[in-house]
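**Student:** Sending over a structure as structure tokens; questions will come in a sec.
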Amino acid sequence: MNSKPVAIITGASRGIGRAISMALAAEGYDIAAIARTSDSECMLSLQPEVEKLGASFFPVGLDVAHTDLHDEVISSILQRYGRIDVLVNNAGIAPIERKDLLDINEEAFDSILGVNLRGPVFMARRVAREMIWLKDQVKNCRPSIIFVTSFLAYTSFTHGFEVCISKAALSMAALVFADRLAEEGINVYEIRPGLIKTELTTRSKYKFDRLITEGLIPQKRWGTPDDVAKAVASLVRGDWSFSAGTIFEVSGGMNIKSI
Ligand code: NAP
């Protein structure tokens with residue numbers, strides 16, 4: 001059994017997931033990092049950065065939409081570490097081509113919901129079952145599951161329909177998991193990022209730059225992956241141990257309606 005706590009982070013290779021991996025390594029966690037390929041340039045470059053922080057790094061290749069592979073992946077992580085303390089369901093995608101709602105097709109719909117909703121839901125179910133058993137075997141275990149959703153869970157975007165509904169549904173999934181798992185001693189939280197500067201938002205950078213200048217974000221700047229990672233670190237540290245099911249907005253105030 002690993003003496004240090006272990007965190008699984010999906011979508012760990014870049015952007016928000018990468019920052020979360022580093023933040024949790026700094027918090028004393030060993031890191032099981034999931035992305036579609038385990039030996040991409042991004043994953044290879046993340047390993048030494050995590051190890052520099054004194055953590056062990058286990059790169060795992062998995063498309064989270066392939067729920068039939070979840071068992072195998074979780075077993076391999078348990079085989080290596082013998083415990084799982086934290087799951088951060090962070091992997092998520094946007095449509096390759098932003099289409100108007102009236103032009104969407106079934107293929108993109110299924111693919112986005114597979115990654116953004118089906119994958120994290122069944123990953124959480126699989127890991128929760130292990131956590132219920134493990135928390136009584138592991139000393140000082142403080143299990144938690146964090147769902148990374150989006151401001152698009154409550155904001156209409158007619159050229160991002162699939163993301164909007166996948167994130168709105170994932171938000172409800174987080175709530176129901178929080179309800180069910182509270183009695184098991186597993187805290188579930190939702191982190192809701194706003195506009196965060198990553199590869200995901202590069203394509204729409206100029207549009208969002210303009211919207212930020214026009215006042216879309218009360219705090220008047222892009223978010224950074226570190227903004228989100230700091231919030232996740234605070235959750236796993238136990239700073240919010242009596243706040244199961246809470247939504248943590250990291251959006252510079254995009255959630256504020258003002259007149
Ligand atoms: P990103 O820079 O595009 O990174 C996405 C990560 O997910 C990469 O590590 C990618 O690695 C991995 N990934 C993609 N598809 C995957 C799959 N099918 N299975 C496993 N891993 C997969 O995105 P990000 O901006 O960091 O976003 C992270 C999360 O935050 C997403 O859920 C996103 O919806 C949410 N979010 C982001 C923003 C924003 O403004 N950036 C705003 C709100 C919410 P590989 O390509 O190597 O697989």
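The values are calculated or read from the model by the stated rules, or taken from the named source; none is laboratory data. Worth saying up front: this structure is predicted, and the values here are computed from it rather than measured. Note: ideal-geometry Cβ built from the backbone for every residue, glycine included; neighbour counts use all protein chains shown. These area figures cover heavy atoms from the full protein model, side chains too; ligands, DNA and RNA do not enter into them. Shrake-Rupley method; radii C 1.70, N 1.55, O 1.52, S 1.80 Å.
**Student:** I'd like the full set of residues that are part of a loop (DSSP other than H, G, I, E, B), among the polar types (S, T, N, Q) and either at pLDDT below 95 or within 19 Å of GLU27 (Cα to Cα) (or both), limited to the range 39-78.
**Tutor:** Hit for the range 39-78 is SER56, nothing else.
**Student:** Sticking with this structure for a sec: Out of everything in the range 200-256 that is among the small types (Gly, Ala, Ser) and assigned to a helix (DSSP H, G or I), what residue ends up being surrounded by the most Cβ atoms within 10 Å (Cβ to Cβ)?
**Tutor:** ALA229
**Student:** Hey, among the residues in the range 51-73 that are within 14 Å of the ligand (Cβ to nearest atom) and among the aliphatic types (A, V, I, L, M), which one's farthest from GLY119 (Cα to Cα)?
**Tutor:** Only one residue fits best here, namely VAL60.
**Student:** Okay, next question. Please identify the pairs in which a residue from the range 214-237 that is over 14 Å from ARG192 (Cβ atoms) has its Cβ atom under 7 Å from the Cβ atom of a residue that is open to solvent by 20 Å² or more (accessible area, probe 1.4 Å) and polar (S, T, N, Q), counting only partners at least 6 apart or on another chain.
**Tutor:** PRO225/THR198
**Student:** Can I ask one more? Can you tell me which residue is farthest from SER234 (Cα to Cα) among those in the range 75-108 that are within 14 Å of the ligand (Cβ to nearest atom) and among the hydrophobic types (A, V, I, L, M, F, W, C)?
**Tutor:** ALA108
**Student:** Can you name the number of the only condition in (1) crowded, with 16+ Cβ neighbours inside 10 Å; (2) within 28 Å of GLU249 (Cβ to Cβ) that LEU101 fails?
**Tutor:** Unmet condition: (1).
**Student:** Determine which single condition SER111 fails, assuming it passes every other condition in (1) away from the ligand (no atom under 16 Å from the Cβ); (2) open to solvent by 50 Å² or more (accessible area, probe 1.4 Å); (3) within 21 Å of the chain's Cα centre (by Cα).
**Tutor:** Tallying (1) away from the ligand (no atom under 16 Å from the Cβ); (2) open to solvent by 50 Å² or more (accessible area, probe 1.4 Å); (3) within 21 Å of the chain's Cα centre (by Cα), SER111 fails exactly one: (1).
**Student:** If you don't mind, there's one more thing I want to ask. Hey, can you tell me all the residues within the range 22-50 that are in contact (Cβ under 8 Å) with a residue 12 or more places away in the chain, more than 14 Å from VAL232 (Cα to Cα) and acidic (Asp, Glu)?
**Tutor:** ASP30, ASP39, GLU49
**Student:** Can I ask one more? Determine which member of the set VAL138, VAL127 is touching a His at 6+ places or on another chain (Cβ under 9 Å), within 22 Å of ARG237 (Cβ to Cβ) and surrounded by 16 or more Cβ atoms within 10 Å (Cβ to Cβ).
**Tutor:** VAL127
**Student:** Which residue out of ALA7, ALA19, ALA65 is over 16 Å from ALA233 (Cβ atoms), touching a residue at least 40 places away in the same chain (Cβ under 8 Å), buried (at least 20 other Cβ atoms within 10 Å of the Cβ) and under 15 Å from the mean Cα position of the chain (by Cα)?
**Tutor:** ALA65
**Student:** Looking at the range 155-199, which of the residues that are away from the ligand (no atom under 15 Å from the Cβ) and of a type in the set (Gly, Ala, Ser) is least open to solvent (accessible area, probe 1.4 Å)?
**Tutor:** Taking the candidates together, the pick is ALA178.
**Student:** Still on this model: Just to verify a result, which residue in the range 34-50, among those that are within 21 Å of SER150 (Cβ to Cβ) and open to solvent by less than 30 Å² (accessible area, probe 1.4 Å), is nearest to the ligand (Cβ to nearest atom)?
**Tutor:** Restricting to residues being within 21 Å of SER150 (Cβ to Cβ) and open to solvent by less than 30 Å² (accessible area, probe 1.4 Å), the top hit is ALA35.
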